[in-house]
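What follows draws every value from the coordinates through simple rules; no lab data is involved. It should be emphasised that the depicted structure is a prediction, and the values quoted were computed from it without experimental measurement. Because the Cβ atoms are built from the backbone with ideal geometry, glycine has one as well, and the counts that use them run over all protein chains shown.
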Amino acid sequence: MSTVQPIVGIIMGSDSDLSIMQDAANILKQFNIPFELTVVSAHRTPIRMVEYATSAKQRGLQVIIAGAGGAAHLPGMVASITTLPVIGVPIKSSNSIDGWDSVLSILQMPSGVPVATVALNGAKNAGILAAQIVGATNDTVSNTIATYKNNLSNEVTEKVNKLKSDWNNGFDV
């Protein structure tokens with residue numbers, strides 16, 4: 001049985017982040033983008049983090065999505081080690097300050113070490129952004145994203161038409 005080479009890495013600081021990071025995995029599955037998913041803690045397994053980040057490109061990864069809560073050093077530390085784009089997902093964890101600590105830790109990177117940052121618990125958007133990065137050089141993925149975005153537009157149009165219909169039928173909206 002052959003395995004497909006992952007091109008997106010999804011990492012998180014703890015398995016307690018999986019319920020959030022699963023959204024990134026789900027959207028990548030929807031777009032048929034192979035990925036790997038694992039726990040890499042910047043604080044508890046720093047050597048594992050360095051090994052993961054330094055080997056990512058040679059293992060075929062094109063983008064890394066890194067989710068972290070609390071102090072949320074994982075995305076920035078990984079970005080400091082690899083030349084691959086890193087997308088940070090701030091996670092509202094049990095030890096966070098309403099998630100603000102995570103948002104600010106990932107958002108406020110020093111000059112020269114960028115991390116694309118999505119909304120608090122925004123792993124789905126991280127998956128979409130990773131797909132768009134891959135799609136910049138992969139027409140199949142680009143076409144899949146175009147279809148996805150077209151469907152989003154169609155869903156809004158359907159809601160507008162329903163609202164108009166409800167309004168015209170005398171419903172208070």
Query raised in the report: Is it possible to state the helix-based mean residue ellipticity at 222 nm for the chain, with each DSSP H run of 4+ residues giving -39500 (n - 2.57), the sum divided by total residues, to the nearest 500 deg cm²/dmol? What is it?
Result: -15000 deg cm²/dmol
**Report entry** Distance violations [Cα-Cα > 31 Å] among K57/K159; K92/K149; K29/K164; K29/K92
**Finding:** K57/K159; K29/K164
Query - Furthest towards positive pole of dipole, S102, A42, A136, structure part the chain, Cβ charges - result: A136
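For the stretch 117-173, give the magnitude of the charge dipole about the Cα centre (Cβ charges: +1 Lys/Arg, -1 Asp/Glu; no others), in debye to the nearest 20.
Working: 5 positive and 5 negative charges, 14 e Å.
For the stretch 117-173, the charge dipole is close to 60 debye.
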Report summary line: In the list (1) 1.07; (2) 0.98; (3) 1.18, the entry giving Cα Rg over 2.2 N^0.38 Å computed from the coordinates is (3)
